[in-house]
1. So which lysines can K158 reach, going by Cα to Cα under 23 Å and dropping same-chain residues fewer than 8 places off?
2. Which of V65, V94, I75 sits closest to the plus end of the dipole of region 53-101, meaning its Cα is farthest towards the positive end, when Lys and Arg get +1 and Asp and Glu get -1 on the C-beta?
3. Tabulate in residue order the Karplus-calculated ³J(HN,Hα) for region 106-113, using 6.51 cos²θ - 1.76 cosθ + 1.60 with θ = phi - 60°, rounded to whole Hz; enter x for Gly and Pro.
4. For the ranges 82-92, 134-144, what's the packing order if you count other beta-carbon atoms within 10 Å of each residue, average per peptide, and put the highest first?
5. When ranked by the protection proxy of mean other Cβ atoms within 10 Å per residue, highest first, what sequence do the peptides 145-151, 103-109, 50-56 form?
Amino acid sequence: MKTISAHLPQYLFMLMLTIVFENASVAQTSAPGTDVRQDQSSDQEIREGFYQINEVLATKDLETVMSMYDDSEDIVVIGSDSGEVFIGRDRVKVFMKMIVSMPFVFSFEMDTPTIHHHQNIAWVFSDGKMVHTRSSGKVSKVPYRITAVLVKKGNKWKWKMFSGSIPRSE
């Protein structure tokens, strides 16, 4: 059974991101009492970048999967199982090689992602299901949560950080 202490680095990282982004959004307020809203038209672009995970995982092609990530060295993938913490492009690639080698296709049912963004950084949370689809057509689903940070590179949103978790009964 996992404990909070086993996930403490993940929680601290997410707390740090929350503080940084909250400070950034407070700093953008132009005058006391002014409601500053970000451009809602880019929410759809971010949503498309978030959902691309299903398309690329379905290819089962490692290079295609890696293309959804930012091309920097500081990408992070935190899986839902013990020891699944991969920091850096080479380590993430090792994990993704294992994922695409599984005897099923990973995908996610994430119907209502919560999206926040500031300039070229977006953070997304979604509560849904992780789906395994075998070549026989057999499908299994598990409750799953994803927290992600995406960065805009050119006109595309790329994954910078993925953190997945399987919630216990609440």
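1. Excluding near neighbours in sequence, the set is K60, K93, K97, K129.
2. V94
3. Each residue of region 106-113 in turn: 7, 8, 9, 9, 10, 6, 10, x Hz.
4. So the peptides 82-92, 134-144, ranked by packing, come out 82-92, 134-144.
5. Highest mean packing first, the order is 145-151, 50-56, 103-109.
Any read-out appearing in this document is the output of simple, stated calculations on the displayed coordinates, not a laboratory observation. What you see is a predicted model, and the numbers here were worked out from it, not measured in a lab. In this analysis, Cβ positions are derived from the backbone assuming ideal geometry, glycine residues included, and neighbour counts consider all displayed protein chains.
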